[in-house]
Amino acid sequence: MKRIYFFFSFLLVFVLGALTVGMLAGYNTVEEPLKERPLTLAMTASVQLPASIDLFGKTYPVDDVDFYERLDRELTIFTYQHGSTLLNIKRANRYFPIIEPILKANGIPDDFKYLAVIESSLDPKAVSPAKAAGMWQFLESTGKQFGLEVTTDVDERYHIEKSTVAACRYLKKAYAVYGDWILAAASYNAGMGRISDELARQKGKTFFDLYLVEETTRYIYRLMAIKEVFRQPYRYGFVIKPDHLYPPVNMINVEVSASIPDLAVFAKEKGVSYARLKQNNLWLRNRSLTVKEGAKYTISLPDAKSILRKPDTKVKVHEKGWVTE
């Protein structure tokens, strides 16, 4: 019985071996089938950089080796960080219409809206490990310096309009010091003291003359790269339908000149949930609001119609180049 079992086992192994050899008979080597397709099913293409790139109204040729490789790094990262870059564009449809008029009214180049993108990914709730807060990532001391109220009840670093005005104040002051918008932008990351010291120590005149810490050097190339992706997302592989963008939320503004002991009660009286109240007024940091004599606050309540997404609702597209029909 054992001999019969051994015989059939040997026969099975022989047949399987013959079939395997037959399958490979059409190839010269075992490796040859791998030449017909990639080792992975996904294709990752290297990004083709533009011949030149512009920022704050100036055009820079992409011909210097260091410039090319630094821009290539940031453009490659934004291209292949699919989720975060997609969310940046979707959020921009909601927040750029708020940011752009404020920049224009304060004489700040429109490209500085991309600074908010790289600072916070346009997330008004963002908080850094260093405790910088809001869309423009102000530290508490810097926020107060440029006109933002930061108390137990109120933190205007989370107020989109007011923090954008504060960012404009900072940038105008930096431009008055340097006469150059790129240096002003670099100082937003490193601080004016650091940029001024390095210009003096290194005998430099422009940002590109300076050897700075990696974070600050990358900062400017990240601005250039995210602007390039926003300018033509489809070129970098982002296919976005108009109704995928986040629509602006229509607000009903309520002026408050008296303290509110319980914001949940206030919200209910206004016909919205406490959650909606807080989500649309992130600058309210407590469950109550103390209003000093003579002071006023504006609380924004979402219009009931604007919080519903219906299948037939058309989302207003802020930049047509962001979407494919």
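Nothing in this text is a laboratory measurement; each read-out follows from the coordinates by a stated rule. Please read all numbers here as calculations on a predicted model, not as lab measurements. Please note: Cβ atoms are built from the backbone with ideal geometry, for glycine as well, and neighbour counts cover all protein chains shown.
Please compare each pair in Lys241/Lys310; Lys125/Lys320; Lys125/Lys162; Lys90/Lys316 to a cut-off of 18 Å on the Cα-Cα distance and tell me which ones are over it. As for pairs spanning more than 18 Å Cα to Cα, those are Lys125/Lys320. A protection proxy built from the mean count of other Cβ atoms within 10 Å ranks the segments 263-275, 132-144, most packed first, as 132-144, 263-275. Normalised by the number of residues in the chain, the mean separation of alpha-carbon contacts (under 8 Å, six or more apart) gives a relative contact order of 17 percent. Measuring r between the beta carbons of Ala200 and Lys173 and using R0 = 22 Å, the FRET efficiency lands at 0.75.
Span-like helix check, the chain: qualifying full DSSP H segments, with Cα axial length of 15 Å or more and mean Kyte-Doolittle of 0.5 or more, are 2-24.
Considering Cα pairs under 8 angstrom that are at least six residues apart, work out the relative contact order of region 52-238 and quote it in whole percent.
22 percent
Distance from a point 7 Å along Cα→Cβ of Val127 to each backbone N in region 273-290: keep the residues under 17 Å and list them by number. Correct set: 278-288. Estimated purely from DSSP H runs of n ≥ 4, each contributing -39500 (n - 2.57), the mean residue ellipticity at 222 nm for the chain is -14500 deg cm²/dmol once divided by its residues.
Taking the Cα centre of the chain as the origin and placing charges on Cβ (Lys, Arg +1; Asp, Glu -1), which of Asn286, Asn88, Ala304 is farthest toward the positive end of the dipole? In the chain, that residue is Ala304.
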